[in-house]
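Notes for the one structure printed next.
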Amino acid sequence: MKTETVENEEKSKNIIDDIDQKMIQIFHEDGRKSYRSIAKQLNISVGTVHNRIEKLMKTGAIKRFSLVIDHEKLGYSMTTVIGVKVKGGVLKNWEDRTSYHKNVLCMYDVTGEFDAIIIARFKDTKELDSFIKSLLKETDVQRTYTQTVLNIVKEDLNDINML
């Protein structure tokens, strides 16, 4: 009986109802919106907004509040997709070192020909060239395959439409 209660509590923590979805949508559109204005918009109390946001953060549905940066306006107009083949047994160590490079936006473990895929932004081809050459100098990296993005059709890592 105790196990069943724990399972039900875990399930209830992860349920997101219509009000939670609406609050997430509002924050997605404007992360600076106050609890008071959200409460007014949804016709609920400020305390309810606060409690629900706390619950969503506690359960991990909301990981953090952050900025959405326009990299092009900061001079990073070149987006690349880089496949990396890494020697066996050292992938995790290599990823831990490389994922914090200033140009790396995303890094994924993948199946197939490559071990990892990097999504990175660069100011120009010279900066990209330097990054690729530094990767290839690493003893753990066997080879890379780089593709340059011509047009970004959709780019939203926090797509709210999944709710």
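The values are calculated or read from the model by the stated rules, or taken from the named source; none is laboratory data. Predicted, not measured: the structure shown is a model, and the values here were computed from it. Note that each Cβ is placed from the backbone with ideal geometry, even for glycine, and that neighbours are counted across all protein chains shown.
Say we look at region 45-60 and pick out the residues that are among the hydrophobic types (A, V, I, L, M, F, W, C) and surrounded by fewer than 16 Cβ atoms within 10 Å (Cβ to Cβ); which of these is nearest to Phe27 (Cα to Cα)? Per the stated criteria, the residue is Met57.
Within region 123-156, the only residue that satisfies the criterion of being without any contact (Cβ under 8 Å) to a residue 24 or more places away in the chain, under 25 Å from Asp96 (Cβ atoms) and among the aliphatic types (A, V, I, L, M) is Leu136. When residues in region 97-119 are screened for being among the β-branched types (Val, Ile, Thr) and either crowded, with 18+ Cβ neighbours inside 10 Å or on the phi > 0 side of the Ramachandran plot (or both), 2 of them pass.
Could you check how many residues of region 26-57 are of a type in the set (Lys, Arg) and free of Cβ contacts under 8 Å to residues at least 24 places away in the same chain? Residues meeting the conditions: 4.
Each row is one residue, and each column tells you yes or no for (1) modelled with pLDDT of 85 or more; (2) under 30 Å from Phe131 (Cα atoms).
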{"position": "Thr3", "(1), (2)": "no, no"}
{"position": "Asn51", "(1), (2)": "yes, no"}
{"position": "Leu67", "(1), (2)": "no, yes"}
{"position": "Leu74", "(1), (2)": "yes, yes"}
{"position": "Lys87", "(1), (2)": "yes, yes"}
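In the set Tyr145, Tyr108, only one residue is modelled with pLDDT of 95 or more and either farther than 30 Å from Asp30 by Cβ or acidic (Asp, Glu) (or both); that residue is Tyr145. Among the residues of region 104-153, the one identified as part of a loop (DSSP other than H, G, I, E, B) and within 10 Å of Thr80 (Cβ to Cβ) is Val149. For region 70-90, name all the residues that are farther than 18 Å from Glu127 by Cβ and either touching a strand residue (DSSP E or B) at 6+ places or on another chain (Cβ under 7 Å) or buried (at least 16 other Cβ atoms within 10 Å of the Cβ) (or both). Hits for region 70-90 are Gly83, Lys85, Val86, Lys87.
Taking residues in region 72-97 that are under 11 Å from Val141 (Cβ atoms) and not assigned by TED's automatic domain parsing to the domain that holds Asp140, and partners anywhere that are of a type outside the set (Val, Ile, Thr) and part of a strand (DSSP E or B), not one pair has Cβ atoms closer than 6 Å while being at least 6 places apart or on different chains.
Residues of region 58-100 that are of a type in the set (A, V, I, L, M), in contact with a helix residue (DSSP H, G or I) (Cβ under 9 Å, 6 or more places away or on another chain) and part of a loop (DSSP other than H, G, I, E, B): Ala61, Ile62.
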